[in-house]
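Student: Shown below is the structure under consideration.
The values are calculated or read from the model by the stated rules, or taken from the named source; none is laboratory data. Bear in mind the structure is a predicted one, so any value in this text is a computation, not a measurement. Cβ coordinates were reconstructed from backbone atoms using ideal geometry, including for glycine residues, and neighbour counts include every protein chain displayed. Note: accessible area is taken over every heavy atom of the protein model, side chains too, but ligands, DNA and RNA are not part of it. Shrake-Rupley method; radii C 1.70, N 1.55, O 1.52, S 1.80 Å.
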Amino acid sequence: MPRTEFISTGFYVPERVVTNDELASIMDTSDEWIRTRTGITERRWAANGQMTSDLAVEASKVALDRAGLQPSDLDCIVLATLSGDYFFPGGGVYLQRKLGITDIPCLDVRNQCTGFLYGLSIADAWIRTGQYKRLLLVGAEVHSTGMDLSTKGRDLSVLFGDGAGAVILGPTEDPGRGVLSTHIFADGRYAELLFCDLGGCAHTPRMSHEHLDAGLHFPVMHGKEVFKHASTKMPDAVKLALQANGLTTADIKVLIPHQANLRISEMVQRQLGLRDDQVYNNIQRYGNTTAGSIPIALDECLQDGGINRGDLVMFAAFGSGFTWGSAAVRW
Ligand SMILES: CC(C)(COP(=O)(O)OP(=O)(O)OC[C@H]1O[C@@H](n2cnc3c(N)ncnc32)[C@H](O)[C@@H]1OP(=O)(O)O)[C@@H](O)C(=O)NCCC(=O)NCCS
């Protein structure tokens, strides 16, 4: 059975940079609070009318260009996002339409900050069985239009940013290379700890003036619980991946954790006993881009020369659901 290799990567973030000081001018927060608690100094916000599929298509074009492929060479699209353009259909078909192609399947993955790893797990299974050979996997989000930007929502709205990362995956016959393993998990007992109430069928009507007045369309989060679970589940998932492949932390060239909070990444690093140069973080510039964060960080890490052929790259993620997981890739 072939393994799955990363043929190329690409990312796109909107032009508009939003600094902590800009947030402090619209809500009661400060650059100092945000930097010391989260490590974030700025994030990007989409322009008016710029949707998740617009970000996704830009990231995809970069990945396609680097692979020397045309959209028509793709045989499958997987889009991970919690912020699709519309409630339905899912965003995958809009990405497909913007790429100017038809007929190939478009799968939408809704696993929040673990979305990219859920998508990778599915893509890997499909590729290994020979079902698809040129699969576009994208993680993309527009959070800026969906958050409570008043002081009431400040615990959450200072964390998140908009952006998209894309990878093109295909089979490799090169033994030892490619995706070595994926491990994905969930625990629905914690679903409401990072949660957006409105939009589904839980309310009749699904949305009313009263709901909006109560702010039920804004996501809410129990930050301390999320922090606690994220900083244990991610290292646990990495340990599982190492164990499954007969590897140790010394074998890791770089761990790319989901960019939730620099303090969480530092906890993960400490628990695994990794050196600074073994962990890649870029949350400082983009905030938490949810499903976009791992592929964006992967692309930046590659462009920085942080990954070479044969290196062991490890991914770990944690997010709403709760969902979490890891993936090990021999580059
Ligand atoms: C959100 C988070 C940074 C808050 O940090 P914390 O250490 O739990 O919060 P602290 O106890 O230091 O501070 C809480 C206080 O800060 C205030 N506060 C919250 N957000 C603030 C902000 N943006 N600016 C200023 N003050 C803020 C709170 O109102 C609270 O004030 P109070 O004590 O007067 O009630 C932290 O819990 C976190 O990062 N959690 C994980 C979030 C995450 O990663 N989510 C995505 C997962 S995929």
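Student: Which of the helices in the chain, when you take each full DSSP H run, stretch at least 24 Å along the axis at their Cα atoms and have an average Kyte-Doolittle score of -0.5 or higher?
Tutor: Within the chain the helices that satisfy the rule are 223-244.
Student: Just to be sure I understand: of the beta bridges DSSP finds with both ends in the range 185-331, what percent are antiparallel, rounded to 5?
Tutor: Close to 65 percent.
Student: OK, next. Got a sec? Charge dipole of the chain, +1 on Cβ for Lys and Arg, -1 for Asp and Glu; which of Ile184, Leu69, His258 is way out at the positive end?
Tutor: Ile184
Student: In a shell of Cβ-Cβ distance under 13 Å around Gln278, excluding Gln278 itself, what net charge do Lys and Arg (+1) and Asp and Glu (-1) give?
Tutor: Result for the neighbourhood of Gln278: -2.
Student: Another question, if that's okay. Based on Cβ point charges of +1 for Lys and Arg and -1 for Asp and Glu, what charge dipole magnitude is obtained for the range 254-321 about its Cα centre, in debye rounded to the nearest 20?
Tutor: 180
Student: Based on the Cβ-Cβ distance from Phe88 to Arg189, what FRET efficiency comes out when R0 is 25 Å, to the nearest 0.05?
Tutor: Efficiency at R0 = 25 Å is approximately 0.40.
Student: Among Lys98/Lys253; Lys133/Lys239; Lys98/Lys133; Lys61/Lys133, which pairs are too far apart, with a Cα-Cα distance over 25 Å?
Tutor: Lys98/Lys253; Lys133/Lys239
Student: Same structure again: Quantify how much of the Cα-Cα distance distribution of the range 128-264 extends past 26 Å, in percent.
Tutor: Looking at the range 128-264, the distances longer than 26 Å represent 44 percent of pairs.
Student: Got a sec? Charge dipole of the chain, +1 on Cβ for Lys and Arg, -1 for Asp and Glu; which of Phe6, Gly223, Leu107 is way out at the positive end?
Tutor: Phe6
Student: Once each part is reduced to its C-alpha centroid, what is the distance from the range 187-218 to the range 19-45 in angstrom?
Tutor: One Cα centre to the other: 26 Å.
Student: Follow-up question, since we're still on this one. To the nearest 20 debye, what is the magnitude of the charge dipole of the chain about its Cα centre, counting +1 on the Cβ of each Lys and Arg and -1 on the Cβ of each Asp and Glu?
Tutor: Dipole about the Cα centre, nearest 20: 700 debye.
Student: Using Cα pairs under 8 angstrom and six or more residues apart, how large is the relative contact order of the chain, in percent?
Tutor: Relative contact order comes out at 26 percent.
Student: A further question follows. So what is the relative contact order of the range 1-133, in percent, for Cα pairs below 8 Å that sit 6 or more residues apart?
Tutor: Relative CO of the range 1-133 lands at 27 percent.
Student: Name the long-range amide H neighbours of Val109: under 5 Å, sequence gap of 5 or more, or other chain; modelled H, no Pro or chain starts.
Tutor: The list, which skips near neighbours in sequence, is Leu79, Ala80, Thr81.
Student: Also: Evaluate the charge dipole of the range 49-101 about its Cα centre and quote only its size in Debye, nearest 20, assuming +1 on the Cβ of each Lys and Arg and -1 on the Cβ of each Asp and Glu.
Tutor: Charge dipole, the range 49-101, about its Cα centre: 40 debye, nearest 20.
Student: Can you list, bin by bin at 10 Å, the percent of alpha carbon pairs in the range 36-147, starting at 0?
Tutor: 14, 44, 31, 9, 1
Student: What's the carbon and sulfur percent of the chain's accessible surface, probe 1.4 angstrom, rounded to a whole number?
Tutor: C and S atoms contribute 51 percent here.
Student: Once Rh is set to the Kirkwood radius over Cα pairs, what Stokes-Einstein translational diffusion coefficient, in µm²/s, holds for the chain at a temperature of 25 °C and a viscosity of 0.890 mPa s?
Tutor: After rounding, the answer is 124 µm²/s.
Student: If the reach is capped at under 13 angstrom between alpha carbons, list the aspartates and glutamates near Lys152, excluding any in the same chain fewer than eight residues apart.
Tutor: Filter leaves Asp28.
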